[in-house]
Amino acid sequence: MMKELSVKFLILMLTMAWSLSNAQEVQVDVSFPDFCKTGEKCAVEITINKGAIEGFARLQQTLPEGFTAELIEDAGSDFIFDKQRVSFIWLNLPAESAVTVSYRISVDASLSGTFDVGEGTFSYMKENRIQRH
């Protein structure tokens, strides 16, 4: 019988609705399951409502040891999974005001317990300064 692994996501990740206090508002929404069984795969979908932001941007998410990630949809970014970090990197963000990316989490069958997924960040350039959410 397969062990069930509860994947508890941090409150910041559950809502992951970050907003700037200035005129340009950015919102990042994450959709993922409440739990994922060991040995199975679960999809994570992230939508960035970026407004008119353009140019370089990066979305990163840290996963616990024993978790791996594989690309489903890159929305024109370069996808990297290295050292437990999922990264989507755009040299130039798509023109659309909303961008959606997704990846699949795999949980090692030897794991048991509850794990927190680290905070995610969305970074981009504005007026030659890095903005982070």
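Each value in this text was obtained by applying a stated rule to the coordinates, not by laboratory testing. Note that the structure is predicted; figures quoted are calculated from it, not measured. Methodologically, a virtual Cβ is constructed for each residue, glycine included, from the backbone with ideal geometry; neighbour enumeration extends over all protein chains shown.
Annotation: extensible slack from E65 through D34 equals 9.3 nm (criterion: 0.36 nm per residue apart, minus Cα-Cα distance).
In straight-distance terms, cross-link reach from K50 covers every one of the aspartates and glutamates whose alpha-carbon lies under 16 Å from its own, apart from those fewer than eight places away in the same chain; here that gives E25, D29, D74, E96, E127.
Site pair D108 and F56 shows an inter-label distance of 3.4 nm when each label is modelled 7 Å from Cα along Cα→Cβ.
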